[in-house]
Amino acid sequence: MKTNKSKSTLFIVVITLLVAFAASKKSCNKSFQITQHLEIFANLIKELNTYYVDDIDPASTIKTGIDAILESLDPYTNFITEEELEYYNILTTGEYGGIGAVIGTRNNQNIVLMSYKDFPAHKSGLQIGDEIVKVNGENVVNKPISYISDLLKGAPNTSVQLVVNRYDVAKPIKLELVREKIKLKNVPYFNIIEEDVGYIRLAEFTTSAAAEVKAALKELKERGAEKLILDLRGNPGGILEEAVKVANLFIEEGLTVVETRGKLASLNSTYKTEEPAYDSSLPIIALVNEGSASAAEIIAGVMQDYDRGVLIGESTFGKGLVQVTRPLSYNTQLKLTAAKYYIPSGRSIQAIDYTNRDRSGRPEKIADSLRTAFKTKNGRIVYGGRGIDPDIEGEKYVWAPITVCLLGKGLVFDYATIFHAKHDQIGSARTFEISETQYQDFVKWLTDKDYDYTTEVEKSIERLTEQAKKEKYYEAIKEQIVSLKEKVQHNKEADLQTFKEEIKFILKQEIVARYYLQEGIIEATLDDDLDIKKALTLLKNVKQYDTILKKQ
């Protein structure tokens, strides 16, 4: 018996040593392969530089190679050059030195698309719709937006001179702005939107996101809010620690918010709430959509997994990957995916499997059949993979082709600029509406404008015609196709009346932006927002709210 036990022990030791040896050999093989291929890559660049028929830029060529390597992994693993480092820091902190305006191209002109309240652009009188023609004396007409953006940025407390053309103003306008440290708000808007219901739009998770949400929540409660709509739609995420702090406002101390699990044990962490909740009983509805990602999905996951609130909207983006930055030589950095998120129920929210690709090299979404079921605190069934599914599906509105065309051609934007020049003020953002007279003025203004579009039905008929000709059926059904074309042939003038209400809606948003900026756009859409309407209806029905969350 003793002999058999000794043999068993010896066998286990031998197997352990063999496994360790194999792992060590595998590690050595990988190290050798890395060294071998780095040498090949360096020699290849040297040979190209020496013998290639045309001159090459070694830095650019190597950058192309690096990007190709990283592209084979996932879209979040990136090489950051020294020149790009400042921009990367802006993205992660939300801070930069500049004027606080968004510029873009409209009709080959560099136009101010938005300015942010109380920042230099807004304080100097720069307006949405202004065309920037000079920066610090340099003519920037036809210059790329990225170039102009770089000119506008600079150290805080330094000045920048602009010359702009403004609609209905004969001479160019000269403006001098003093750059400031620009820190965009994580919470661009909050308010009481109906009786005792508070609303908070959380746009991102940069520095101070939790503090801003807490301050908004505190004020709303002081103003009588007893229920909350937390809007996470379009929130791309940001700093993980801020997401943990935001979650802590609504759930008690000591609860797991998220776990990260990676190849290295040092990257495995459990993030728990560290303070008493600010309010753990306030009824909450979180609004989500396909633009809600990463940290926003963690908050949505916390709400769902702890049955803390109801989710309304669309399935979220499904970004469950954790990035870290590693310093490299010459002040460059590597941002790489090092772990995955796991929310309180234990599920991953990652929607795309970058290790498996189809024949064309595209990564595949995790199949429904591979999604694993998990349970919330109250026993509700939820699924991992493919983001987070809402508890109640939202109403996804589909814009009419004419509406999409008017937006895409910039005609709504241009008319709002004209309207602003003719009207010193309008009513509040929440109450302002486009009157019938104002709408007909817009229709009249469109008369000589160049815009056209093809409806999906018209496209389908064209595809049918092509296929019928290809299969030699066209002559037999020609009359029916011609008749069908005549029936569905769009008429711009008719469409302007048929889809009047939705066109008035987008026109209202653009006009309100001229007077009340970003906050105004949000406020102007509250009463027409289908998801908010659903949320308000549910918050009035306590029994249904509790039933969804399986509250006793």
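Only the coordinates and a few stated rules stand behind these numbers; no lab work does. Model, not experiment: these values are computed from the prediction. FYI the Cβ positions are ideal-geometry reconstructions off the backbone, even for glycines, and counts take in every protein chain you see.
For this structure, a couple of remarks:
- Helical content of the chain, expressed as a calculated mean residue ellipticity at 222 nm, amounts to -13500 deg cm²/dmol (DSSP H runs of 4 or more residues, -39,500 (n - 2.57) each, divided by residue number, nearest 500).
- Spin-label model distance (nm) - HIS490 vs GLU364, 7 Å beyond Cα toward Cβ: 3.7
- Distance between modelled label sites at VAL141 and ILE392, nm, 7 Å Cα→Cβ extension: 5.5
- Cα gyration tensor of segment 451-549 - equivalent ellipsoid semi-axes, whole Å, descending: 44, 23, 11
- Nearest-0.05 FRET efficiency for GLU502 and THR431, computed from C-beta distance (R0 22 Å): 0.70
- The VAL324 and THR50 beta-carbon pair, evaluated with R₀ = 45 Å, returns a calculated FRET efficiency of approximately 0.75.
- Sorting HIS37, HIS420 from the fewest to the most surrounding beta carbons within 10 angstrom yields HIS37, HIS420.
- 5 angstrom amide H check on GLY320, placed H, neighbours 5+ away: GLN350, ALA351
- Taking 0.36 nm per residue of separation and subtracting the Cα-Cα distance, full extension of the segment from VAL457 to ASN29 would add 148.2 nm.
- In order through segment 355-369: 3J(HN,Hα) via Karplus (6.51 cos²θ - 1.76 cosθ + 1.60), integer Hz, x for Gly, Pro: 7, 10, 10, 7, 4, 8, x, 7, x, 10, 6, 5, 5, 4, 5
- If the segment from HIS423 to THR372 were pulled out straight at 0.36 nm per residue, it would be longer than the present Cα-Cα gap by 12.6 nm.
- Cβ charges +1 (Lys, Arg) and -1 (Asp, Glu), total dipole of the chain, debye: 2140
- As a proxy for reagent exposure, ranking TYR453, TYR167 by other Cβ atoms within 10 Å from fewest up yields TYR167, TYR453.
- Taken over the C-alpha atoms, segment 189-394 has Rg and Dmax values of 17.4, 58 angstrom.
- Built amide H within the under 5 Å cut-off of ILE182, gap 5+: TYR96, GLY97, GLY98
- In summary, the aspartates and glutamates within cross-link reach of LYS143, defined as a Cα separation below 19 angstrom excluding same-chain residues under 8 places away, comprise ASP130, GLU131.
- Kirkwood-type hydrodynamic radius, segment 90-183: 13.2 Å, calculated from all non-identical alpha-carbon pairs.
- At R0 = 41 Å, FRET efficiency that the Cβ-Cβ distance of LYS218 and ILE148 yields, to 0.05: 0.55
- Shown here: Kirkwood radius over Cα pairs in Å, derived from the displayed model; of the candidates [x] 25.8; [y] 28.0; [z] 24.7, it corresponds to [y].
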